[in-house]
Amino acid sequence: MCLTAFMQTALLFLGLLTFPGNMLLGLGIMLAANEVPRIAQQFGLDSSVRVNMMSVVHATITAANLTRSVARAAK
């Protein structure tokens, strides 16, 4: 559980650092953070998380709205 939390936090932080230079890459990295528990589970690491498509859709919509808000604020 600690590994997945660390990896998610690291990817979110990396995405936020990348975002000002390249919005699309930063958004992609932040969306990848949402997939860490599912990928860890594929390699046998118990993340106690079941894949839920609504969770993935919600995370994507939230990231898109965040991107729009930050882009408007940057202008």
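The values are calculated or read from the model by the stated rules, or taken from the named source; none is laboratory data. What you see is a predicted model, and the numbers here were worked out from it, not measured in a lab. As a convention, Cβ positions derive from the backbone with ideal geometry for all residues, glycine included, and neighbour counts pool all protein chains shown.
Quick one: in segment 31-57, which of the residues that are surrounded by 12 or more Cβ atoms within 10 Å (Cβ to Cβ) and at pLDDT below 75 is nearest to the chain's Cα centre (by Cα)? Working first, answer last.
Residues of segment 31-57 surrounded by 12 or more Cβ atoms within 10 Å (Cβ to Cβ): 31-41, 45, 47, 49, 55-56.
Now drop any that are not at pLDDT below 75, which leaves 45, 47, 49, 55-56.
Numbers: 45: 19, 47: 16, 49: 15, 55: 12, 56: 10 Å.
Once the filter is applied, the top-ranked residue is 56.
Could you please let me know if residue 16 is at pLDDT 80 or above and exposed (fewer than 15 other Cβ atoms within 10 Å of the Cβ)?
Details: at pLDDT 80 or above: yes; exposed (fewer than 15 other Cβ atoms within 10 Å of the Cβ): yes.
It is true that residue 16 is at pLDDT 80 or above and exposed (fewer than 15 other Cβ atoms within 10 Å of the Cβ).
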